[in-house]
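Reading through the structure tokens given below for one structure.
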Amino acid sequence: MSGCEESKVRKSRRSAGMSLEQLGALTGYDKGYLSKVERGAASPTRETILAICAALPGLEPNDFFPEFSRADTAHPKFKSMEAAE
């Protein structure tokens, strides 16, 4: 992820008033790894991006990768959004 993209995660997390520990509890990833993702020191997998986006309001997978579509995602948050449309 580029610096701009990693800032999206940190900004979204902070806007939600969430700590790295809280984000970790929601995503299943430890705070050390999530901190690395935010700083661009780790390259998250597709599943990691989906989990982070599901936990943070306003953050969508296609914010990071245009080829992501909600229909492609495996996370229940995005499946329920498709059903509502």
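What follows draws every value from the coordinates through simple rules; no lab data is involved. Computed from a prediction, not measured in an experiment: that's the story for all the values here. Cβ atoms come from the backbone with ideal geometry, glycine included; neighbour counts cover every protein chain shown.
For segment 1-63, a crude dipole built from +1 on the beta carbon of Lys and Arg and -1 on the beta carbon of Asp and Glu, taken about the Cα centre, is about 180 debye to the nearest 20. Taking 0.36 nm per residue of sequence separation and removing the Cα-Cα distance, the Glu47/Lys31 pair yields an extension gain of 4.1 nm. What is the sum of charges, Lys and Arg at +1 and Asp and Glu at -1, for the other residues whose Cβ falls under 14 Å from the Cβ of Ser19? With Lys, Arg at +1 and Asp, Glu at -1, the net is +1.
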